[in-house]
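Below is one structure; the comments refer to it alone.
The values are calculated or read from the model by the stated rules, or taken from the named source; none is laboratory data. Source: prediction; values computed, not measured. Virtual Cβ from ideal backbone geometry, glycine too; neighbours counted across all protein chains shown. Surface accessibility is based on the protein's heavy atoms, side chains included, excluding ligands, DNA and RNA. Shrake-Rupley method; radii C 1.70, N 1.55, O 1.52, S 1.80 Å.
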Amino acid sequence: TRLTTVPLKTPTETSSISTTTSHDKSLTKTWQIIFHTANIPSSSFRLPQNSSIDATLKFSFISIDGKDETEQYEIEMKDFPQYFKSGQHDSFRTKLRNIGTPQKIRLILEITGNDDDDNDDSDDIKWQLDHIELIDPKTLSHYEFPCHQWIRPSQEKIFHLMKSESSQDEILRRTSKSTIDSKNSSSSTAAKKSSPKPTKTEPEKKTSRSSSSSLPSSYESPKRFEQFKNSVANPKRQVSTDS
């Protein structure tokens, strides 16, 4: 399955809800959160057809000591029918209370609107999440939270920050390489368009300056010239022997 990246959205564009009540901007922090759905055919999130069920994805960040936690950020899944598909990277911009670099992410998928107990369609709702990526827009630091499990309704999950620094460096290196490759490809295309096509030049024809070729065919040599030519060709002298 081809990997696709969903363009970055702001909370207004995504209709996502943050329950923060603080009006002091210094106490809040903006993060870019990217959900990486597993790259297998059955991993996509789907709601049952012709159902009144609504699904809300809620998550919050937990501090390094585990004693502080942000407010919940909510994403109404029905508003994004083309998101959370197999192999996709779905990105959102969030603004939550600043607790420093999150060490854990608490996530839960809540289902509402299903009042028919005899036909519980929520049992068929699931979504396989590979990992969550956090990016600090100011420092461009990348943080990865491995998941590798199914997300089902009403099952709370807590994902821990990957501790390996080499893995964090690999995420940043992978992103930087993608940017560089894109720039090189654009430069190569521009160079091909601007470079002039080579023109084929015909070699100059050399002209002969021989006297025979420059004289008309009807030209006759003077008799004096013919006599001189013959004398040169036959240098014998006739000696008179008068007695």
Original post:
So which residues in the range 36-58 are surrounded by 16 or more Cβ atoms within 10 Å (Cβ to Cβ) and either at pLDDT below 90 or assigned to a strand (DSSP E or B) (or both)?
Top reply: 36, 37, 47, 53, 55, 56, 57, 58
Subject >> Meets criteria (in contact with a Leu (Cβ under 8 Å, 6 or more places away or on another chain), under 18 Å from residue 93 (Cα atoms) and among the aliphatic types (A, V, I, L, M)) for residue 27 >> reply: no
**OP:** Residue by residue through the range 59-100, note down the ones that are within 18 Å of residue 156 (Cα to Cα), open to solvent by 30 Å² or more (accessible area, probe 1.4 Å) and not in a loop (DSSP other than H, G, I, E, B).
**Re:** 69, 74, 76
Original post:
Restricting the range 101-126 to residues that are open to solvent by less than 40 Å² (accessible area, probe 1.4 Å) and modelled with pLDDT of 95 or more, which is farthest from residue 63 (Cα to Cα)?
Top reply: 109
